[in-house]
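Heads up: the structure comes next, in structure tokens.
We did not get these values from a lab; they are worked out from the coordinates using the rules stated. Quick caveat, the model's predicted, so the values are computed rather than measured.
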Amino acid sequence: MFARSAQGLDRRTLVGVPVKEDMMRRFLLVGGTILALISFGNRASAAEQEDKGKTCRMEQQCHWENFKKVCVWVKVCR
């Protein structure tokens, strides 16, 4: 079991790709893909809201309870 994983690491260093750089490339690829999907989803929902004639946004509303400030995010459409 240990011999096989050590052999895999040796292959990567022989090819010239250090393990840390390979992991960083994968992390950047996955992160970029997630950001692209989120961005695409936001554009689609914004287009749907414009078709209805309403503009929606998130607003923070705060009030005081027992001498503490309590804030919540509320979706406001106008």
Partner lysines whose C-alpha sits under 27 Å from that of residue 54, ignoring same-chain residues fewer than 8 away, are 75
Stretched fully, the stretch from residue 55 through residue 74 gains (0.36 nm per residue minus C-alpha distance, one decimal, in nm) 5.5 nm
